[in-house]
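This report refers to the structure that appears directly beneath it.
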Ligand code: SF4
């Protein structure tokens, strides 16, 4: 499986071929990804044959489209049975791919379908990067309606907590930025507040964007929604975000999933405002995408409006992100939840354990 091999070591797949063949293969995998090895036209037939049925480190189990052809969602299946979800969202001038970094997640946020299903394993760098390559190849072959024919942005906001799988996520970033050549500023890494990972990311050479999923502005409420908050409370997360801002000169964005009657109060908006002000952060608001195992519901439009108006009154900029693909279970973990309805036992791992 060529995507599971370090891009500098692809020659090991074909030890009897001249070295330029590895360069050609790397170009097909990273610069001009294609859906099938048959399309790697400058490789000899025997090389194409050898990798044709193992080009991708997963099979495509489900492919769904929504929003008039501008949203695609894939459920990939790894050979060991683990599910990997990716969502492609097209806009007139950009295509954003949301990728997964773990199969499942150990952090158990109460409103999240992935968290409700527990943790299976970390994804390898090649499995993370292959989601990018697959979407790129798909776009080149079949651009989304009214959208560019190439990938412009990547967000690590799919299944899993990226900074709990730091070394592998780091290597996937290296491949995207240094091998494929996508600008680091086009990449957003999200976290629910894995403070050691935030501090490490601040030391990396890339100008990626960091998005902190806050969801609540006091420790009591946040700990009830995001159990990791008991380990890294809001003040520590804010301090790490401030260090990232200082190191990179890039503002950290704050993500807030609005849950009806839970975190959509004016009181929460008033507690959030000074945090956003200190970090000079923009707040991205999204109404909850309901999940099968939780009674939580999305905030009603009037509560969303009053929450955002209060932020605005207090001088904080916020944007309401529209839920993409509601008819295709587009929130992370939902496609998997539908494909494996009987699973859901939460297996825990330590943060950062490799
Ligand atoms: S919101 Fe993110 S960190 Fe929390 S359980 Fe879901 S995938 Fe894990």
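Its DSSP H runs of at least 4 residues, each contributing -39,500 (n - 2.57), put the calculated 222 nm mean residue ellipticity of the chain at -9000 deg cm²/dmol, to the nearest 500.
Using a Förster distance of 45 angstrom, determine the FRET efficiency expected from the C-beta separation of residue 39 and residue 207, and round it to 0.05. Please report the intermediate quantities before stating the final value.
On the way: r = 33 Å, r/R0 = 0.73.
The pair residue 39/residue 207 has a calculated efficiency of 0.85.
Give me the angle, in degrees from 0 to 90, between the Cα long axis of helix 125-141 and the longest principal axis of the Cα atoms of the chain, rounded to the nearest 10. Tilt relative to the chain: about 80 degrees.
Mind ordering 204-212, 126-134 by average Cβ neighbours within 10 Å, highest first? Spell out each step's value before the answer.
Numbers: 204-212: 18.1, 126-134: 26.0.
Answer by packing, highest mean first, reads 126-134, 204-212.
Could you sort the peptides 186-192, 310-316 by per-residue average Cβ neighbour count (10 Å cutoff), highest mean leading? Don't skip to the end; give the middle numbers.
Numbers: 186-192: 21.9, 310-316: 15.7.
Final packing ranking: 186-192, 310-316.
Pairwise Cα distances in the chain exceed 33 Å for 27 percent of all pairs. Protection proxy ranking for 42-50, 113-121, using the average of other Cβ atoms within 10 Å per residue and placing the highest first: 113-121, 42-50. Computed over segment 10-55, the P(r) curve from all C-alpha pair distances, binned at 5 Å from the origin, holds 5, 24, 37, 27, 6, 0 percent per bin.
The angle between the Cα long axis of helix 234-248 and the longest principal axis of the Cα atoms of the chain comes to about 50 degrees, rounded to the nearest 10.
What is segment 147-296 by shape, rounded, prolate or oblate, if you read a ≥ b ≥ c off the alpha carbon gyration tensor as root eigenvalues and call it rounded for a/c under 1.5, prolate for a/b larger than b/c, and oblate otherwise? Intermediate results must be reported in sequence, preceding the final value.
On the way: a/c = 1.78, a/b = 1.46, b/c = 1.22.
Prolate, since a/c reaches 1.5 and a/b exceeds b/c.
So what's the angle, to the nearest 10 degrees on a 0 to 90 scale, between helix 266-279 and the longest Cα principal axis of the chain? Result, in degrees: 60.
Rounded to a whole number of µm²/s, how large is the Stokes-Einstein D of segment 240-279 at 37 °C and 0.692 mPa s, given Rh as the Kirkwood radius over C-alpha pairs? Could the numbers behind the result be given before it?
Values: Rh = 11.4 Å.
Answer, rounded: 287 µm²/s.
What's the center-to-center distance, using Cα atoms, between segment 100-116 and segment 263-297 in Å? Cα centroid to Cα centroid, the span is 18 Å.
If I take every Cα pair under 8 Å that is 6 or more residues apart in segment 10-55, average their sequence separation and divide by the length, what percent do I get for the relative contact order? List each step's numbers first, then the result.
On the way: 29 pairs, mean separation 13.4, N = 46.
That works out to 29 percent.
Relative to the current alpha-carbon distance between residue 200 and residue 239, full extension at 0.36 nm per residue lengthens the span by 12.7 nm.
Counted over segment 56-339, the DSSP beta bridges are approximately 50% antiparallel. With Cα atoms as the point set, segment 79-212 shows a radius of gyration and Dmax of 14.4, 41 Å.
The Rg/Rh ratio for segment 1-124 is 1.04, where Rg is the radius of gyration of the alpha carbons and Rh is the Kirkwood radius.
Bear in mind that the values in this text are calculations on the coordinates, not laboratory data. Since this is a predicted model, take the numbers as computed values, not measurements. FYI the Cβ positions are ideal-geometry reconstructions off the backbone, even for glycines, and counts take in every protein chain you see.
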